[in-house]
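Just so it is clear, none of the values below were taken in a lab; they were calculated from the coordinates. In this text the structure is predicted, and so the values were computed from the model without any measurement. Reconstructed Cβ throughout: ideal geometry from the backbone, glycine too, with neighbour counts over all protein chains shown.
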Amino acid sequence: MTEQLSPNTQAILLLTAPLLVGSKRSGEKPLSLGEYKRLARRLRDGEREPADLLDDPLDDLLGDCDLDPARVGSLLARGLQLSQAVEHWQARSIWVVSRADTEYPKRFKQRLGMDAPPLLYGCGARALLATGGLAVVGSRHVDERLICYTEKIGRLAAEAERMLVSGGARGIDQASMRGALAAGGTAAGVLADGVERAALNGENRRLLMDGRLVLVSPYDPAARFNVGHAMQRNKLIYALADAALVVNSSFGKGGTWTGAVEQLDKLRFVPVYTRVDGNGDSALEALRRSGARAWPEPATPEELRRLLEVDDTAPAPARQERQASLFGEPR
Amino acid sequence: MSYDPRRALDLLRKGTGLSDARFRDGQEEAIRHVVEGQGRLLLVQRTGWGKSFVYFIATRLLRDQGKGPALLISPLLSLMRNQIAAAERMGVRAFTINSSNIEQWEGVEEELKQDEIDILLISPERLTNERFRDRALTAVGGRVALLVIDEAHCISDWGHDFRPNYRLIERIVRNAPKNLRLLATTATANKRVQKDLRQALGPSLTVQRGDLHRPSLVLQTIRLTTQAERLAWLAEHVAALPGNGIVYVLTKRDAVQVADWLCLHGLEAHAYSSDTVQREELEQALLANEIKVLVATPALGMGFDKPDLAFVIHYQAPGSVVTYYQQVGRAGRALDAAHGVLLSGEEETEITGYFIDSAFPSREEVERVVEALETHPDGLTQPQILAEVNISHQRLKRTLKLLSLESPALVVKQGSKWQLTAADLGEAFWERAERLTRLRREEQRQMQEYVSLESGHMEFLISALDGDPGRVEGPSLPPLPTQADPERVREAEAFLKRTSLPVEPRKQWPPGGLPIYKVKGNIAEERRAQPGKALCVWGDAGWGGLVRRGKYSVGLFADELVAACADLVQQWSPDPVPTWVTCIPSRRHPDLVPDFAQRLANRLGLPFAAVLVRCEDRPEQKKMANSTRQALNLDGALQIEGELPPGPVFLIDDMIDSRWTMTVAAWLIRSKTSDEVWPLALALTGPGR
């Protein structure tokens, strides 16, 4: 099952990935998402693809996209580092897909367009990423009562045979996934740190092998947690789901808040619900004032399934112009 | 990149030190291919053809044009020292990082960072080494312009010399983008191996292949059943051979024994194995013709290049024709004639068979390891696994290595701990293990076919390697005699029985200690055994057979063994001299060892006292597969009964395996006395013996 990476994916890894093989990073800084977007546009306009960077003179390909050819050249010269990193991931059952691959989750491309991460690393059944489901988000530090509440939501999702999508962090994230998985359901964890540690966690092993859990992250498998990453990955959680429930949130700050507001104001991928039994929770009330709906507390699998059906009354997605895949339709 | 032929020739002349040197057939084409980036290249050329000139000159030319350094992966770097000197003459700064020069790593890492190294030479093992990955490779991995895989046939699991670490190299090559230049080299690759390499290195691979014939070699096979006969043959004929050479043996112990024997007969002979400390000095001494013969295990291997090596003699037949061709092919590269003599004997099939059978773990061993890791989701260190699973240290190491080199791997090492991945071990692993085992058996059989040849030896080897045997010319030297002198055979028999083996005392309790005896950590010096002795190795050509018969057929150790031990004691003369004898008790064979110890005591004129007793039955030590388990099996099993006679003591046992029995017994005896305890056993056993 050793997959061979396409030349396009190899090129995108060389350009944008830190390729952490050892604990130390060295050399040129990989291209940022913004820089890569410029390059990708330039390539697309010239009807070229990233793999062409591996053998054609750089100057022609880079053109006017304001990237230093020396820097791009030394990023592309990391061939050995790339192959070492890929081998390290494959040994750990970690896969990587790029936007140029047919296996890249369509939901990300459709909903995020050019902002879809150029690379995704993951472990477990990639097919789950296409199934949709219920996203559950909330804080890391919560009391036992909310943990119980969230686990029940997870269990209900499992009973409704819908995937649970969350961020794999402590607190609400893990409670929701735990609830779903313990009840025999499926779950996707969109991680803010690299997937390597979670992929090797003995508690996840069976679930990953049985195709019930998928872990995914846009960050290098060895990357450590960082707040910026945590914020960025919120939109990926929403993008994988058909509806989202905010269990709790701090007011005006923190990842949960920012992610929810971004959905309500800007991205509008999915209907956003908030928990209502916490009367007087000012953050959730504020989100409702911004357009979040009250969670109707579905009690049966049937009710939850209906809630997750495509909702025509939801506000139209902010960006309807469906980006074609980056380098033409997947080949 | 453009290729500069004048600069290339100039470099060749600098490297060889010959102002009129010319490229050999194919060398220049290969250099041009690499420098111009025409795609991946596989060079199949015999050792000594000059593959190193290809990669050193290509490296220099690439560096001239501002490219990054080259990385060379080779299993036997120790043999590259001469080549590194040639590289330096060409202005190629070459360094190696290996386990023997750790003190230089930091400097090399720094120079890599400063881009002051042109080619870094590493062993395949380095690639899995964490510190190397973290530091050196991070410094260089981002810039390597040319990757050279030496002995590339090791990639193929149809190769005679498949090495687990090369599975990693294969995948690294598979995953490498096409802008990384790649040169693979080997001296031997039959069609099947070439097909595998094409698969691993990509369909666009170019193969350049040289001629396999070695016209200067006079090949000969002689069957001499016993080791004594072969020792006698060597003593008689090696001294008479002109020049210097190598005697290949299969085991480390044979290397030492054969070298000792040849020294006794006035030859400058030295043993060479992976245990040898001064390997480099010995290689240099052989190169400089300062020693007549190196008695070497296959550790003296690929790449050792002495053009005027006059003979290669095998003390036993190796496991495959390719191995044999490579080893014998070291002789006579620059001579008109050289001897390649294969002595074949009774024990070789058992030894090569042992290597074949122990190459892969059993399904049960893998299951046990997985079970242990499943119950510890955070992972286990290797010593922790040994305490949980009854599997030998060597086998566990090998099992973990093989499992971690699968992709996806079943286990991976994260820091110091082994963890399971989210993958199962595929059936393909077992299929490969079975296929390789069958292949090895077939190679072993083919080698015996070679041993039986009356003529046409070179044609046989070339055909076996899928070469063209059409142009083979006849030998230019008369063959050597095929008999051994009976008088010398008797002498060799006596020699084989004269040896004794050191038994080093253990200085530390096992990881976790022994809870019943309440000990852990270091064993106090005043409670340790003294350095002991054993008469032979279980089943060896000297006393081994007699010990085995005594233990399992007769139930009594023969008087010859008593006499042999008494002789051993006399030669050994431990100081302070023991004044009494005791022995290790057994419930399974209550009389065997005490009877022997009593007779030995009589012979030595010392009193015998059975002061050690077994408190309870335990499984036999030999059923405990690793040292930690063997130590735990003894915990609380022995105790002292009665008064100890005064003075130092001989502690007798029939067999020593893990040394724990002797360690615990000595520790108990020395709880009652400050006098020394000298272990003495009939045979050493244990894994691999």
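Tell me, how many Å apart are the Cα centres for the range A:172-213 and for the range A:96-133?
First find each Cα centre; the distance between them is then 18 Å.
Cut-off is 10 Å between beta-carbons; in what order do B:Arg163, A:Arg41 appear when sorted fewest neighbours first?
If I rank by nearby Cβ atoms, fewest first, I get A:Arg41, B:Arg163.
If you take each beta carbon of peptide B:136-146 and count the beta carbons of other chains within 10 angstrom, what is the mean?
Values: counts 1, 6, 11, 4, 3, 13, 15, 8, 5, 3, 1.
Partner Cβ neighbours, averaged per residue: 6.
In straight Cα distance, which lysines are under 26 Å from B:Lys413, not counting same-chain residues fewer than 8 positions off?
A:Lys24, B:Lys397, B:Lys401
From the gyration tensor of the Cα coordinates in the range A:11-76, what semi-axes in whole Å does the equivalent ellipsoid have, largest first, with each one equal to sqrt(5λ)?
Working: eigenvalues 89, 26, 23 Å².
In descending order the semi-axes read 21, 11, 11 Å.
By DSSP, what percent of the beta bridges with both residues in the protein assembly as shown are antiparallel, rounded to the nearest 5?
The answer is about 20 percent antiparallel.
About its Cα centre, how strong a charge dipole does the range B:565-686 have in debye, to the nearest 20, once Lys and Arg get +1 and Asp and Glu get -1 at the Cβ?
280
Only bridges whose two residues both fall in the range B:563-670 count here: according to DSSP, what percent of them are antiparallel, nearest 5? Please report the intermediate quantities before stating the final value.
On the way: 3 of 8 bridges.
Here the antiparallel bridges make up roughly 40 percent for the range B:563-670.
Counting only other chains, and only Cβ atoms inside 10 Å, what mean value do you get across the residues of A:88-101? Before the final figure, lay out each step's value.
Values: counts 6, 3, 8, 13, 9, 9, 3, 1, 0, 0, 0, 0, 0, 0.
Per residue, the average neighbour count from other chains is 4.
Quick check: net charge around B:Pro679, other residues with Cβ under 9 Å of its Cβ, Lys/Arg +1 and Asp/Glu -1?
Surrounding charge for B:Pro679 is +1.
Going by the alpha-carbon gyration tensor, a ≥ b ≥ c the square roots of its eigenvalues, is the protein assembly as shown rounded (a/c under 1.5) or, if a/c is not under 1.5, prolate (a/b greater than b/c) versus oblate?
On the way: a/c = 2.78, a/b = 1.44, b/c = 1.93.
Oblate, because a/c is 1.5 or more while a/b does not exceed b/c.
Work through the residues other than B:Leu342 whose Cβ is under 13 Å from its Cβ and net out their charges, Lys, Arg +1 and Asp, Glu -1.
Neighbour charge sum, excluding B:Leu342 itself: 0.
Calculate the dipole size of chain B relative to its Cα centre from +1 charges on Lys and Arg beta carbons and -1 charges on Asp and Glu beta carbons; express the result in debye to the nearest 20.
1400
What ranking do A:Asp143, B:Asp540, B:Asp20, B:Asp485 get, fewest neighbouring Cβ atoms within 10 angstrom at the top?
Least crowded to most crowded, the residues run B:Asp20, A:Asp143, B:Asp485, B:Asp540.
Rounded if a/c is under 1.5, else prolate if a/b beats b/c, else oblate: with a ≥ b ≥ c from the C-alpha gyration tensor eigenvalues square-rooted, which is the range A:126-308?
oblate
Within the range B:618-653, find all residues whose amide N lies under 14 Å from a label point positioned 7 Å from the Cα of B:Ser362 along Cα-to-beta-carbon.
Answer for this model: B:623-626.
Given a cut-off of 23 Å, name the pairs among A:Lys106/A:Lys266; B:Lys178/B:Lys417; B:Lys497/B:Lys551; B:Lys14/B:Lys51 whose C-alpha atoms lie farther apart than that in the structure shown. Provide the component values of the computation, followed by the final result.
Values: A:Lys106/A:Lys266 20 Å; B:Lys178/B:Lys417 35 Å; B:Lys497/B:Lys551 18 Å; B:Lys14/B:Lys51 16 Å.
The answer is B:Lys178/B:Lys417.
For the range B:616-633, take each phi angle, set θ = phi - 60°, evaluate the Karplus expression 6.51 cos²θ - 1.76 cosθ + 1.60, and give the result in whole Hz per residue in order, putting x for glycine and proline.
Rounded to whole hertz, the list is 7, 6, 10, x, 4, 4, 5, 7, 8, 8, 9, 4, 4, 5, 5, 5, 5, 5.
So in chain B, what percent of DSSP beta bridges are antiparallel if you round to the nearest 5? Provide the component values of the computation, followed by the final result.
Working: 13 of 76 bridges.
Roughly 15 percent of the beta bridges in chain B run antiparallel, per DSSP.
Among A:87-97, B:367-377, B:219-229, A:165-175, what's the highest-first ranking by average C-beta atoms within 10 angstrom per residue?
Peptide ranking by packing, descending: A:165-175, A:87-97, B:219-229, B:367-377.
What order, most packed first, do the peptides B:134-147, B:577-590 have when packing is the mean number of other Cβ atoms within 10 Å of each residue?
Result, highest mean first: B:134-147, B:577-590.
Mind checking A:197-209 for the average number of partner chain beta-carbons within 10 Å of each residue's beta-carbon?
Taking the mean over all residues of the peptide, I get 4.
Which net charge results when you count Lys and Arg as +1 and Asp and Glu as -1 among the other residues whose beta-carbon is under 9 Å from that of A:Ala239?
+3
Looking at the range B:199-310, what % of the alpha carbon pairs are farther apart than 25 Å?
Value for the range B:199-310: 31 percent of Cα pairs lie more than 25 Å apart.
Hey, could you grab the Kirkwood Rh for the range B:5-209? Inverse mean 1/r over distinct alpha carbon pairs, Å, one decimal.
17.0
What order, most packed first, do the peptides A:188-199, B:406-417 have when packing is the mean number of other Cβ atoms within 10 Å of each residue? Working shown, then result.
On the way: A:188-199: 25.1, B:406-417: 19.2.
In decreasing order of mean packing, A:188-199, B:406-417 become A:188-199, B:406-417.
Fewest to most neighbouring Cβ within 10 Å: what's the order for A:Glu47, B:Glu454, B:Glu491?
Ascending Cβ contact count within 10 Å gives the list B:Glu454, A:Glu47, B:Glu491.
Could you give the distance between the Cα centres of the range B:581-642 and the range B:169-190, to the whole Å?
That distance is 56 Å.
Identify, among A:Asn201, B:Phe460, B:Phe557, the residue whose Cα sits farthest towards the positive end of the charge dipole of the protein assembly as shown, taking +1 on the Cβ of Lys and Arg and -1 on the Cβ of Asp and Glu, with the dipole about the Cα centre.
The one lying farthest along the dipole's positive direction is A:Asn201.
Under the rule of at least 5 residues apart or a separate chain, name every residue whose amide H is placed under 5 Å from the amide H of B:Trp580.
Excluding prolines and chain starts, which carry no amide H, the hits are B:Phe650.
Check A:Thr186: other-chain or 5+ apart residues with amide H under 5 Å from its amide H, H built from backbone geometry?
Sorted by chain and number, the residues that satisfy this are A:Leu164.
Quick one: dipole size for the range A:126-308, taken about the Cα centre, charges +1 on Lys/Arg Cβ and -1 on Asp/Glu Cβ, in debye to the nearest 20.
Once rounded to the nearest 20, the dipole reads 280 debye.
Along the principal axes of its C-alpha atoms, what lengths does the range B:367-432 span, in descending order and rounded to whole Å?
Rounded to whole Å, the extents work out to 30, 23, 19 Å.
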